[in-house]
Amino acid sequence: MSIYITPQSAIVKSVSGLLKVKDHQGETLSLHETDYINEGEMILFNQDSIFSLTLNNGSEICHRQIKSQPMAYSSTPLTELVINDITTNNIINIIEASRDIKVSGYVKGDIEPNGEIQIDLKNNQYCTHLDLSGHFSIDIPGFILAEHDHITVRYRIKDEKHNIFCTSKVKQYNVMLVGPYIDLTLCPIHVHKQPPSEVANNKVTVKGLAKYQFSENDKVTITINHHQYITRIDTHGYFSLDIDYQDVLAAQQITATLTSYDISGNQSSISTSQPIQYTKDKLSS
């Protein structure tokens with residue numbers, strides 16, 4: 001089997017016999033009429049294969065021309081390009097989009113120390129080189145990565161005949177720049193004013209409910225007279241916290257703040273307050 005590295009993107013105009021392409025994911029796929037081939041991809045064919053391609057510039061090239069070129073040999077360097085996740089969870093959040101993100105990976109198999117790695121993001125192109133172990137990394141502005149959902153990484157190497165071989169791979173990722181949509185309500189708070197001798201073991205219960213895109217165990221911070229108390233919401237969004245009566249006394253209101261995170265690490269916070277209603281009735285919550 002022989003190979004041909006496409007110098008530019010092309011469309012299969014006609015084909016008879018075996019004709020395959022090694023795609024960005026390293027898989028070998030059969031080619032048919034009107035199939036699209038990316039620049040730098042490797043076409044595989046037999047000597048009896050008959051085919052023609054329409055190149056991106058409008059010109060055509062047929063099997064006879066390709067077979068006569070010195071690049072059409074089977075002595076291809078054996079390489080595999082591996083791209084690490086763009087972030088820890090392969091999702092870019094709003095904080096990560098505001099700083100540089102390290103794009104990294106490595107090449108397995110035949111490598112050339114200091115071989116060139118090219119990373120394409122539509123109108124942006126970044127270049128770096130392999131280290132002696134075949135690894136590479138480069139910092140790319142997060143806001144540029146966040147404008148897309150994939151990158152294309154290319155690695156060029158020469159075989160023993162000094163033919164240039166290009167392998168490429170696409171890395172998909174997700175972008176989430178908005179935190180979860182949440183809401184929070186506090187139940188009315190009633191406090192009965194009592195003489196000091198009767199308040200030792202009394203509690204005031206603060207209750208509330210989170211809504212929409214919250215998660216179990218999201219934190220609720222309750223603020224009273226500049227003092228803070230922490231509790232968590234349950235699976236259904238409810239929370240409840242008993243606070244000593246003496247800590248509530250003389251406060252005008254209670255404020256609760258819910259903090260939630262989405263799977264990418266984006267944060268949302270919302271606060272709500274309730275006035276404390278002092279009564280002469282039996283202590284209730």
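The values are calculated or read from the model by the stated rules, or taken from the named source; none is laboratory data. Computed from a predicted structure; not experimentally measured. As a convention, Cβ positions derive from the backbone with ideal geometry for all residues, glycine included, and neighbour counts pool all protein chains shown. Calculation scope for accessible area: heavy atoms of the full protein, side chains included, ligands and nucleic acids excluded. Shrake-Rupley method; radii C 1.70, N 1.55, O 1.52, S 1.80 Å.
Here are a few things to note about the model shown:
- Count - residues of the stretch 235-261 that are out of contact with any Ser or Thr (no Cβ under 9 Å at 6 or more places or on another chain) and among the acidic types (Asp, Glu): 2
- Test: residue in the stretch 212-226 that is without any contact (Cβ under 8 Å) to a residue 24 or more places away in the chain and touching a Phe, Trp or Tyr at 6+ places or on another chain (Cβ under 9 Å): no
- Of the strands (runs of 3 or more DSSP E) lying entirely inside the stretch 79-175, the ones with 2 or more residues being crowded, with 16+ Cβ neighbours inside 10 Å, within 15 Å of the chain's Cα centre (by Cα) and among the aliphatic types (A, V, I, L, M) are found at 100-109.
- SER285 vs. criteria hydroxyl-bearing (Ser, Thr, Tyr), at pLDDT 90 or above and either over 39 Å from the mean Cα position of the chain (by Cα) or not in a loop (DSSP other than H, G, I, E, B) (or both): no
- Subset of the stretch 229-254 [aliphatic (A, V, I, L, M) and open to solvent by 80 Å² or more (accessible area, probe 1.4 Å)]: ILE230
- Within the stretch 250-271, residues that are touching a residue at least 60 places away in the same chain (Cβ under 8 Å) have Cβ atoms under 9 Å from residues that are of a type in the set (Asp, Glu) and crowded, with 17+ Cβ neighbours inside 10 Å in these pairs: LEU258/ASP218; SER260/ASP218; TYR261/ASP218; SER264/GLU96; GLY265/GLU96; SER268/ASP262, counting only partners at least 6 apart in sequence or on another chain.
- Residues in the stretch 192-226 that are in contact with a helix residue (DSSP H, G or I) (Cβ under 6 Å, 6 or more places away or on another chain) and either modelled with pLDDT of 95 or more or in a loop (DSSP other than H, G, I, E, B) (or both): VAL199, ASN202.
- The stretch 37-53: number of residues that are farther than 23 Å from THR79 by Cα and at pLDDT 85 or above: 6
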